[in-house]
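Taking it in order: structure first as structure tokens, then the write-up.
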Amino acid sequence: RQGIGEPSVYHAVVVIFLEFFAWGLLTTPMLTVLHQTFPQHTFLMNGLIHGVKGLLSFLSAPLIGALSDVWGRKSFLLLTVFFTCAPIPLMKISPWWYFAVISMSGVFAVTFSVIFAYVADITQEHERSTAYGLVSATFAASLVTSPAIGAYLSQAYGDTLVVVLASGVALLDIGFILLAVPESLPEEMRPVSWGAPISWEQADPFASLRKVGQDSTVLLICITVFLSYLPEAGQYSSFFLYLRQVIGFSSETVAAFIGVVGILSILAQTVVLGILMRSIGNKNTILLGLGFQILQLAWYGFGSQPWMMWAAGAVAAMSSITFPAISAMVSRNADPDQQGVVQGMITGIRGLCNGLGPALYGFVFYLFHVELNEMAEVETLGKASKPNMANPTDESSIIPGPPFLFGACSVLLSLLVALFIPEHNLALRSGSHKKHSNGAQTHTHSPQAGGSDGKEPLLEDSSV
């Protein structure tokens, strides 16, 4: 085998850590460059850029997964990491090209899909959840540490050094894949020839979504996921920009906010989630998580002071228990041969939200004229500038963050739908045998079971 040693989970962990550490370093410089490049419609353009990237990822993920079943994981790890990190050096060379390449890089921004397939190749089924948890925790750790480091270096030495360092980390990741990562997919598990056909069913991103209506319980779960993750995807794309420009956080405060909320989220998803699942049950844990999410989004929407953002951030950490709880409900109530099919549906819904959410948030910010005429300069920690909005309206002074309030309404609808999800989903079990002929078609094209298993932890990944 090419690479160092036998393929292991630790190879996957290093690849994920380096990729997201590089992007985390750029949190502070990217907010500055974004506003300098699009001073008039910052939030709208931010939403469109992330929206295009998310939709392209949704459309390309099944095809890249199917091709990795034929050509192996290592080549596609190299491809996804290279194109995902390609925009980094362009930040200082040409901001316009930087944002253009970011949006188009969505075609290959599916590293997690390939990583989880890699892990599925080399682990037994009983080891897989632990391995997925290690990868997800590494992803969280990289995003908790790197923004603070990037903010400090940017303040002390300037943005150029941060971009150079992030580019170096990305190159290190590419070199690690080339030299150290062994191929995980054995030759005997691949088709006889590289010319093996890839069916349209394998490459169709809407294939899993079309199965949603076949079972009423699956439909309720998917509607719950859509209504709750749509505002979360939009929030991820714009919230740090919102803190910096509208609330008046400094770069260092934004980095500290990311770190604190990230650590609290990890605690919530490990310690608190286990306690809640044992004490109040699966469904009630989902409902509690959605309740925290409503409170968090409403607080973000009406909050205008920095302390309100910190308090809402603590609530946001508690709301992160929702998707692991949904994942657990699906895993417990679906038959083993239907795990990949049902998890694939939820993954498809979330992928669609990753495209629609950012664009929706950007559009709502634009409708309510939440923009700055010039970049807010915050020199001292704890001293927040007043929001300086273009074309201020009465609504904007009452509701500083309209998209967050819209998101709270969406999650409220999600909570109402979740009330009707059966606690013990017998429908999934009885319906799985009827649907097995449909689900099997999506699996038989894959030379090994890891292709379907690889979809499962994406639910856990996005909840980090």
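The values are calculated or read from the model by the stated rules, or taken from the named source; none is laboratory data. Worth saying up front: this structure is predicted, and the values here are computed from it rather than measured. Glycine also receives a Cβ, built like all others from the backbone with ideal geometry; neighbour counts cover every protein chain displayed. All accessible areas refer to the heavy atoms of the entire protein, side chains included, with ligands and DNA or RNA removed. Shrake-Rupley method; radii C 1.70, N 1.55, O 1.52, S 1.80 Å.
Just a few scattered comments:
Table: residues versus (1) hydroxyl-bearing (Ser, Thr, Tyr); (2) under 18 Å from Leu220 (Cβ atoms); (3) touching a residue at least 40 places away in the same chain (Cβ under 8 Å).
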| site | (1), (2), (3) |
| --- | --- |
| Asn282 | no, yes, yes |
| Ala298 | no, no, yes |
| Gln305 | no, no, yes |
| Ala312 | no, no, no |
| Ala316 | no, no, yes |
| Ser319 | yes, no, no |
| Ser327 | yes, yes, yes |
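- Within the range 266-279, being surrounded by fewer than 23 Cβ atoms within 10 Å (Cβ to Cβ), among the polar types (S, T, N, Q) and at pLDDT below 85 holds for one residue alone: Thr270.
- When residues of the range 138-168 are limited to those that are open to solvent by less than 20 Å² (accessible area, probe 1.4 Å) and among the hydrophobic types (A, V, I, L, M, F, W, C), the one modelled with the lowest pLDDT: Ala140
- Pair list, Cβ under 9 Å, 6 or more apart: the range 19-38 residue assigned by the TED database to the domain that holds Phe257, other residue aliphatic (A, V, I, L, M) and outside any helix (DSSP H, G or I): none
- Condition broken by Phe420, with the remaining ones in (1) assigned to a helix (DSSP H, G or I); (2) open to solvent by 10 Å² or more (accessible area, probe 1.4 Å); (3) at pLDDT 85 or above satisfied: (1)
- Candidate set: the range 1-28, residues that are more than 19 Å from Thr160 (Cα to Cα) and of a type in the set (Phe, Trp, Tyr); chosen: the one most open to solvent (accessible area, probe 1.4 Å): Tyr10
- Consider the range 85-122 and keep the residues that are hydroxyl-bearing (Ser, Thr, Tyr) and out of contact with any Leu (no Cβ under 6 Å at 6 or more places or on another chain). The one that is surrounded by the most Cβ atoms within 10 Å (Cβ to Cβ) is Tyr118.
- Which listed residue, of Thr224, Thr253, is part of a helix (DSSP H, G or I), open to solvent by 20 Å² or more (accessible area, probe 1.4 Å), modelled with pLDDT of 85 or more and polar (S, T, N, Q): Thr253
Conditions (1) open to solvent by less than 10 Å² (accessible area, probe 1.4 Å); (2) touching a Leu at 6+ places or on another chain (Cβ under 8 Å); (3) at positive phi, marked per residue:
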residue	(1), (2), (3)
Gly281	no, no, yes
Leu287	no, yes, no
Leu290	yes, yes, no
Leu295	no, no, no
Ala298	no, yes, no
Gly301	yes, yes, no
Trp307	no, no, no
Ala311	no, no, no
Ala314	no, yes, no
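- Elements of type helices (runs of 4 or more DSSP H) in the range 313-415, at least 2 residues being within 17 Å of the chain's Cα centre (by Cα), hydroxyl-bearing (Ser, Thr, Tyr) and at pLDDT 55 or above: 322-333, 339-367
- Odd one out for Ile88 among (1) in contact (Cβ under 8 Å) with a residue 60 or more places away in the chain; (2) closer than 27 Å to Gly150 by Cβ; (3) part of a helix (DSSP H, G or I): (3)
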